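A short worksheet on the structure shown next.
The values are calculated or read from the model by the stated rules, or taken from the named source; none is laboratory data. Treat the numbers as computed from the prediction; the structure is a model and nothing was measured. So basically every Cβ, Gly included, is an ideal-geometry build from the backbone, and we count neighbours across all protein chains shown. Note: areas computed on protein heavy atoms with side chains; ligands, DNA, RNA excluded. Shrake-Rupley method; radii C 1.70, N 1.55, O 1.52, S 1.80 Å.
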Amino acid sequence: MKAIHIFRKELRHYFVSPIAYIVISVYLLVTGWFFFTPFFIFDQASLRDFFELLPVIFSFIIPAVTMRLFSEELSVGSYELLLTMPVTRNDIILGKFLAGTSFAAVMLIPTLAYPLTISFLGQLDWGPVAGGYFGALLLAAAFTAVGIFASSLTRNQIIAFIVAVIICFALTVIDRMLFFFPPPVLDILTYLGAGEHFSNISKGVVDSRDIIYFLSVCFLGLYGTSLAIRRRT
């Protein structure tokens, strides 16, 4: 599968750039703060705060990871060169999507130290922990698809970052702002909220409706990317 070549190229590019290490460092500092603050100050050993704030943190971190994926190629003109190679447009989009999602998964690996720390100190229910990390991967994939879509719209990485943050943050908080909207649309807006679906999975409750939601966001993001790139070529 030729998308694998794009995936390897993009993933390797992440780790030869200092930006990747800066993003990972900022992510670990922020998540570490929200884990160790209740752990030491309130003597509360729980991953609840970590998982509750993960959608908000991902709303800013994932767009920073994805903003260059197409914007940089369009800015320097290397995307046209990429199309001369024996790869299809879908191979390029899928390869970049897998690279962005894999990078987000790599960011999550060091945070496994948090539940391991708790398990050494006391009883830990591993069901919600496993659900939380599974949900985090789905959330990362969905936000990566949104970020790639935003990156395909512009040659400017900063604009791509801002557009992706706006969409991801709106998906994260929309179900918490229902009091602004009329009753007939509340059910629709509740379903559109990524935070609610992630919260369900992070409690250890894996519902097919939540999985379908994240897969739908991935599909829409990648399909929108395909349309945006097709208009440029």
**OP:** Name the residue farthest towards the positive end of the dipole of the stretch 125-233 from the options 130, 225, 171, assuming +1 on Cβ of Lys and Arg, -1 on Cβ of Asp and Glu, about the Cα centre.
**Re:** 225
**OP:** Under 21 Å Cα to Cα from residue 96, which lysines show up? Leave out anything in the same chain fewer than 8 places away.
**Re:** 2, 9
**OP:** Specify, per residue and in Å³, the volume enclosed by the convex hull of the alpha carbon atoms belonging to the stretch 106-232.
**Re:** 136
**OP:** Would you rank 197, 5, 13 by solvent-accessible area, highest first, keeping every protein chain in place and using a 1.4 Å probe?
**Re:** 5, 13, 197
Original post:
Hey, what angle do you get for helix 157-173 against the long axis of the chain, alpha-carbon based, 0 to 90 degrees rounded to 10?
Top reply: 40
**OP:** Can you send over the solvent-accessible area of residue 17, 1.4 Å probe, protein chains only, in Å² to the nearest 10?
**Re:** 30
Original post:
Given the protein chains as shown and a 1.4 Å probe, how many square angstrom of residue 207 are accessible, to the nearest 10?
Top reply: 40
**OP:** For the stretch 88-233, give the percent of accessible area contributed by carbon and sulfur heavy atoms, probe 1.4 Å, rounded to a whole number.
**Re:** 71
Subject >> Where the chain is the region considered: accessible area per residue in Å², 1.4 Å probe >> reply: 51
